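Q: Here's a structure for you.
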Amino acid sequence: MDGKMCGIVGLFLKDKGLQPLLGRMTADMLGTMTDRGPDSAGIAIYGGGSTETVKFSLRAEDGYDFAALATQMRDALNVALDVRRHDTHAVFIVPAAYGEAAALWLHDVPGVDVFAQGHRIELYKEVGLPRSVAQRFGIGDMTGTHAVGHTRMATESAVTTCGAHPFSTGMDQCLVHNGSLSNHAGLRRMLKREGIRITTENDSEVAAGYLSLRMRQGLSLGDALKSSLNDLDGFFTFVVGTENGFAVLRDPVACKPAVMAETDQYVAFGSEYRALAGLPGIKQARVWEPEPATVYFWEHQ
């Protein structure tokens, strides 16, 4: 039933000494999963940041003038703005007090997609093979505490950059998904009525939006994931990133493959063990298959 559909990786570092290697390790893990879904790929990195600033991960067509956009935004909002360009993407960083105004302004810019916003998250995705996508954005040089990645075989929507994973629908929150939801159309309509921004036909963005809504309603991430077991109809493996945490959930049937490993240095997830095989100390790791309908969660304090 798996059908080699999509590959997921996740890496949560306990050892601060590994943080400079986060991007390289995650990119290597995802590259190993290429044949599970070679049409598009993406990685969300949780790196440096502050509660005093908000980062926006933006994407536009090749050659887009992000410098001109930054000038327009500074003039429109009278805001100090830092810009970091990465190929077809750019990260705009504004003072947290301007976060809401910046989000509203950016969402109205034609030709620019806002892939994520938060204090720490940076999200990069494009059509192409995982190693190529990682290389064009310099993922291997990025540092941080945790990351999630996905390589996609499109089954529910077209092969586009916007349809690639991860999906982020809340501050510092992102989700990658292997599987298929059957009730995503009705959920999408409900989420839009509740003010959750959904921009694609991908069922995985609906799953991300569902978690964002439940957390907005006051649930913890763990409780939001538990409620998804009743409200999301289909089969799925989710790996979720938050500002300080990393979570895994499989549906009650758990037909999609998944393996985890934990050492004193890290927790890692892969759709197959070969994604984990190159990690340091993997031979001494505790390796297991996550149980169905069970939330696994780790968090930095």
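The values are calculated or read from the model by the stated rules, or taken from the named source; none is laboratory data. Since we're looking at a predicted model, the values are computed, not measured. We place every Cβ from the backbone using ideal geometry, glycine too, and count neighbours over all the protein chains shown. The area values use the complete protein model at the heavy-atom level, side chains included, leaving out ligands, DNA and RNA. Shrake-Rupley method; radii C 1.70, N 1.55, O 1.52, S 1.80 Å.
Q: What whole-number distance in Å separates the alpha-carbon centres of the stretch 1-50 and the stretch 240-259?
A: Taking the Cα centre of each part, the stretch 1-50 and the stretch 240-259 sit 14 Å apart.
Q: By how many nm would the segment from Ile282 to Gln135 lengthen if fully extended, with 0.36 nm per residue of separation less the alpha-carbon distance?
A: Length gained between Ile282 and Gln135: 50.4 nm.
Q: Tabulate in residue order the Karplus-calculated ³J(HN,Hα) for the stretch 16-27, using 6.51 cos²θ - 1.76 cosθ + 1.60 with θ = phi - 60°, rounded to whole Hz; enter x for Gly and Pro.
A: Ordered by residue, 3J(HN,Hα) equals 4, x, 8, 4, x, 9, 4, x, 5, 5, 5, 4 Hz.
Q: Let me spell out the model: positive unit charges on the Cβ of Lys and Arg, negative unit charges on the Cβ of Asp and Glu, origin at the Cα centre of the chain. What dipole size does that give, in debye rounded to 20?
A: For the chain, the charge dipole is close to 240 debye.
Q: Let me ask something else about it. In nm², what is the average projected area of the convex hull enclosing the Cα atoms of the stretch 49-119?
A: The Cα convex hull of the stretch 49-119, projected and averaged over all directions, gives 4.1 nm².
Q: R0 = 30 Å: FRET efficiency of Glu291 with Ser227, Cβ-based, nearest 0.05?
A: 0.95
Q: I'd like to compare 114-121, 31-38: which one has the highest average count of other Cβ atoms within 10 Å, and what's the full order after that?
A: Result, highest mean Cβ count within 10 Å first: 114-121, 31-38.
Q: Then there is this: Measure up Lys55/Lys283; Lys16/Lys192; Lys16/Lys125; Lys226/Lys283; Lys16/Lys283; Lys226/Lys256 against 30 Å on the Cα-Cα distance and list the ones that go over.
A: Lys55/Lys283; Lys16/Lys192; Lys226/Lys283
Q: Per residue, what accessible area does the chain have, given a 1.4 Å probe and all protein chains present, in Å²?
A: Numbers: 12000 Å² over 301 residues.
About 40 Å² of surface per residue is accessible.
Q: How about the stretch 146-223: which GluC sites (Glu not before Pro) there lie in a loop by DSSP and see at most 13 other Cβ atoms within 10 Å?
A: Filter output for the stretch 146-223: Glu194.
Q: Can you list residues from other chains, or at least 5 along the same chain, whose modelled amide H is less than 5 Å from the amide H of Asn244?
A: Result for Asn244 returns nothing.
Q: Starting from the Cα-Cα distance between Leu219 and His300, subtract it from 0.36 nm times their residue separation and give me the gain in nm to one decimal.
A: Numbers: separation 81, 0.36 × 81 = 29.16 nm, distance 1.89 nm.
Answer, rounded to one decimal: 27.3 nm.
Q: Over the stretch 27-120, with every protein chain in place, what whole percent of the accessible area is carbon and sulfur at 1.4 Å, could you tell me?
A: On the way: 1900 of 3860 Å².
Solvent-exposed carbon and sulfur of the stretch 27-120 make up 49 percent of the total.
Q: 5 Å is the cut-off here: which amide hydrogens, built 1.01 Å from N in the peptide plane, fall below it relative to Gly37, excluding neighbours closer than 5 in sequence?
A: Amide H to amide H, under 5 Å and 5 or more residues apart or across chains, Gly37 pairs with Cys6.
Q: On to the next question. Quick check: at a probe of 1.4 Å, how many percent of the accessible area of the stretch 126-192 sits on carbon and sulfur atoms?
A: C and S atoms contribute 54 percent here.
Q: Could you work out how far helix 203-216 tilts from the main Cα principal axis of the chain, as a 0 to 90 degree angle to the nearest 10?
A: So the inclination is approximately 80 degrees.
Q: Would you mind calculating the gained length between Glu100 and Glu52 on full extension (0.36 nm times residue separation, minus the Cα-Cα distance), in nm to one decimal?
A: Using 0.36 nm per residue and subtracting the Cα-Cα distance, I get 16.0 nm.
Q: At Ala68 and Lys16, where each label point lies 7 Å from the Cα along Cα→Cβ, what is the point-to-point distance in nanometres?
A: Placing both labels 7 Å along Cα→Cβ, they lie 4.4 nm apart.
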